[in-house]
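The values are calculated or read from the model by the stated rules, or taken from the named source; none is laboratory data. In this text, all values refer to a predicted model and were calculated from it rather than measured experimentally. Don't worry about glycine lacking a Cβ; one is built from the backbone with ideal geometry, like all the others, and counts go over all protein chains shown. Side chains are part of the model used for accessible areas, which takes the heavy atoms of the whole protein and leaves out ligands, DNA and RNA. Shrake-Rupley method; radii C 1.70, N 1.55, O 1.52, S 1.80 Å.
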Amino acid sequence: MTRPLALLLLLVALPAAAQGVKAPETPLQTIAALPTEAAGWRRGGVTDFEPRPGGAGMGAAAEYRPAAGGPGVLTVYVYDRGLAGGATAASLEAEMSQAVREIELVGPQRRYRVDARQPGPPVGQALRCEQFGLAFDGGNRADSFLCLGVVRSRFVKLRATFPAGALEAEAQQVQALGGAVVAAIRQ
């Protein structure tokens, strides 16, 4: 094959090859592509934190509530904290410590204190979870879950809160919706 012909074939093939390469999605696009309903939960509002002051690397979030109504809220966050190269397994432990600190720090603003903490049910092999008991001013209590992992070079965090009482059923709901969310992000 002559050199000019080879060059011509390469120039013709490059645009076609480039069309098959998918650009990485933004956290907002990832969140917007999550199922509108999964495992008995319905997606509500979506928040884009990136354009906010100090929001670079904070990604986006979607709130889910039980489709049949009733108590409970689960928020899905997708972000990378601006880490060069994205989130990694090596950065996960520090991020888990930061997420736990955030739960404890926001307590006084939301009028609760963490009075119990233990390992929670994992969401498949993708997300590690912690379970918290929250005591609110005035005597109300809540069960809260924090699940965190790395999927497609981004942190995926689930925060779920329920009125205290049915930990096993709540854990199953977190695992079911969390599994559906992780599967959707991996697609």
**Item:** Relative contact order, percent, the chain [alpha-carbon distance under 8 Å, six or more residues apart]
**Value:** 18
**Asked** In Å and whole numbers, how far do the C-alpha atoms of the stretch 119-165 stretch along each principal axis, longest first?
**Response** 42, 17, 12
**Item:** Cβ charges +1 (Lys, Arg) and -1 (Asp, Glu), total dipole of the stretch 84-124, debye
**Value:** 240
**Item:** Charge dipole of the chain about the Cα centre (unit charges at C-beta), most positive-ward option of V174, A33, G44
**Value:** A33
**Complete:** Treating only Lys and Arg (+1) and Asp and Glu (-1) as charged, each at its beta carbon, one finds that the stretch 80-148 has a dipole about its Cα centre, in Debye to the nearest 20, of 140
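Between Q187 and A84, 0.36 nm times their residue separation minus their Cα-Cα distance comes to what?
Result: 34.8 nm gained on full extension.
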**Fill in**
Relative contact order of the stretch 73-153 (C-alpha contacts under 8 Å, at least 6 apart) in percent is 27
**Fill in**
Other residues with Cβ under 9 Å from the Cβ of G86 give, with Lys and Arg +1 and Asp and Glu -1, a net charge of +1
**Computed accessible area, D137, all protein chains, 1.4 angstrom probe, square angstrom** = 110
**Fill in**
Over its alpha-carbon atoms, the chain yields an Rg and a Dmax in Å of 20.5, 83
**Message:** On a full-extension model of 0.36 nm per residue, what is the gain between Q172 and A32, subtracting their alpha-carbon distance, rounded to one decimal in nm?
**Reply:** 48.0 nm
**Asked** Using r as the Cβ-Cβ distance of D115 and R42, and R0 as 35 Å, what FRET efficiency do you calculate, to the nearest 0.05?
**Response** 0.70
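Net charge near P66, counting Lys/Arg +1 and Asp/Glu -1 over other residues with Cβ under 14 Å of its Cβ?
Details: positive: R42, R43, R65; negative: E37, E63, E170.
That sum, taken over residues with Cβ under 14 Å, equals 0.
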**Fill in**
Applied in sequence order to the stretch 174-180, the curve 6.51 cos²θ - 1.76 cosθ + 1.60 (Karplus, θ = phi - 60°) yields integer Hz couplings, x standing for Gly and Pro, of 4, 5, 5, 5, x, x, 5
**Fill in**
Heavy-atom accessible area of the chain with neighbours in place, 1.4 angstrom probe: carbon+sulfur share in percent works out to 56
**Degrees separating the helix 3-19 axis from the principal Cα axis of the chain, which is the longest one** = 20
**Message:** Defining a contact as two alpha carbons under 8 Å apart and six or more residues distant in sequence, what relative contact order in percent does the stretch 140-187 show?
**Reply:** 36
**Request:** Divide by every residue of the chain the summed helix terms, -39500 (n - 2.57) for each DSSP H run of at least 4, and state the resulting mean residue ellipticity at 222 nm, rounded to the nearest 500 deg cm²/dmol.
**Result:** -11500 deg cm²/dmol
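Using the Cα centre as the reference, give the magnitude of the dipole from point charges on the C-beta atoms of the stretch 53-187 (Lys, Arg: +1; Asp, Glu: -1; all else neutral), rounded to the nearest 20 debye.
On the way: 14 positive and 12 negative charges, 50 e Å.
Dipole magnitude for the stretch 53-187 comes out near 240 debye.
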**Asked** From largest to smallest, what semi-axes in whole angstrom does the stretch 76-133 give when each is the square root of 5 times an eigenvalue of its alpha carbon gyration tensor?
**Response** 23, 16, 9
**Complete:** Calc'd 3J(HN,Hα), the stretch 63-68, phi into Karplus 6.51 cos²θ - 1.76 cosθ + 1.60 (θ = phi - 60°), Hz, glycine/Pro = x, comes to 9, 10, 10, x, 5, 8
